[in-house]
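The values are calculated or read from the model by the stated rules, or taken from the named source; none is laboratory data. These figures come from a predicted structure and were not determined experimentally. Cβ: placed from backbone, ideal geometry, glycine included. Neighbour counts: every protein chain shown.
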Amino acid sequence: MILKNNLLNFTILVLLTLLFTFEFNNFIQTDSLITQNLSDKYTQEVITHSLNLRHQWAWASYIFVPIFLYITTLLIALIILLVIELYYINESRQKVKFKDTWRIVLMAQWSALASIFVKVFWFGFYHTQYSLEELQSFSPLSLINLFDRKTLDVWLVYPIQLVNPFELVYWIILVIGIKQLLKRSWLKSFEMVFLSYGLTLIVWVVVIMFISLNFSQS
């Protein structure tokens, strides 16, 4: 079964992400859109140079996708595995393997992929008249869409962006996966997810908030 084959699951996730990245780079975030956005700020020579650099390094985004996906899912799976081992260190139970936690994380990653798909679909087929600022700030179904970004402190943008149904589904899939793996209660399974993925996410959000705050003051 596809969801039980980690390598196949990972490969399909990578291929679909690459497809959406290609669609985004070539048909949504186009040269004409970038030129239109930069024309009021820079000369045509500067814009042309920027576009040339974009074309020269376009391949890097496609190399980055599988590397980033592998590292992030690997780290999350390892952290979940570590938390499980430490939490149940004194209990006799069936040994949990890395492939088990990685499979759960890969299943949850489909939620993140769905978020990318919605963004590509939204600008590719529905909202076809947009600015570069709209494109870069758009977060599908996120709580941030209820706020005027200009009235928010810059360090608040990222954590508010994370409040969206795709992130919620990501958590739900992790909890369901851990529950099936460990044969524990919903509460214990949620606790495992919070102590592993949840705390890691909080640390990451704090880092992003700190960086945003420092950049806004510089």
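Restricting attention to the stretch 18-57, report how many residues are hydroxyl-bearing (Ser, Thr, Tyr), surrounded by 11 or more Cβ atoms within 10 Å (Cβ to Cβ) and farther than 21 Å from His127 by Cα.
4
Given the structure, is Ile71 among the hydrophobic types (A, V, I, L, M, F, W, C), more than 23 Å from Ser189 (Cβ to Cβ) and at pLDDT below 95?
no
Determine which single condition Arg103 fails, assuming it passes every other condition in (1) charged (D, E, K, R); (2) over 19 Å from Phe10 (Cα atoms); (3) at pLDDT 95 or above.
(2)
Within the stretch 172-191, how many residues turn out to be touching a residue at least 24 places away in the same chain (Cβ under 8 Å) and either within 17 Å of Thr73 (Cβ to Cβ) or of a type in the set (Phe, Trp, Tyr) (or both)?
Within the stretch 172-191, residues that are touching a residue at least 24 places away in the same chain (Cβ under 8 Å) and either within 17 Å of Thr73 (Cβ to Cβ) or of a type in the set (Phe, Trp, Tyr) (or both) number 5.
Among the residues of the stretch 13-68 satisfying the criterion of being over 30 Å from Ile104 (Cα atoms) and either outside any helix (DSSP H, G or I) or modelled with pLDDT of 95 or more (or both), which is nearest to the chain's Cα centre (by Cα)?
So the residue we want is Gln29.
Any idea how many residues of the stretch 111-157 are of a type outside the set (A, V, I, L, M), over 19 Å from Asn37 (Cβ atoms) and more than 16 Å from the chain's Cα centre (by Cα)?
Qualifying residue count for the region: 9.
Using beta carbons and a limit of 7 Å, which pairs, at least six apart or on different chains, have the first residue in the stretch 76-104 and assigned to a loop (DSSP other than H, G, I, E, B) and the second one modelled with pLDDT under 95?
Val96/Ile84; Val96/Leu181
Of the residues that make up the stretch 137-160, is at least one in contact with a Lys or Arg (Cβ under 8 Å, 6 or more places away or on another chain), part of a helix (DSSP H, G or I), among the β-branched types (Val, Ile, Thr) and touching a residue at least 24 places away in the same chain (Cβ under 8 Å)?
Within the stretch 137-160, one or more residues are in contact with a Lys or Arg (Cβ under 8 Å, 6 or more places away or on another chain), part of a helix (DSSP H, G or I), among the β-branched types (Val, Ile, Thr) and touching a residue at least 24 places away in the same chain (Cβ under 8 Å).
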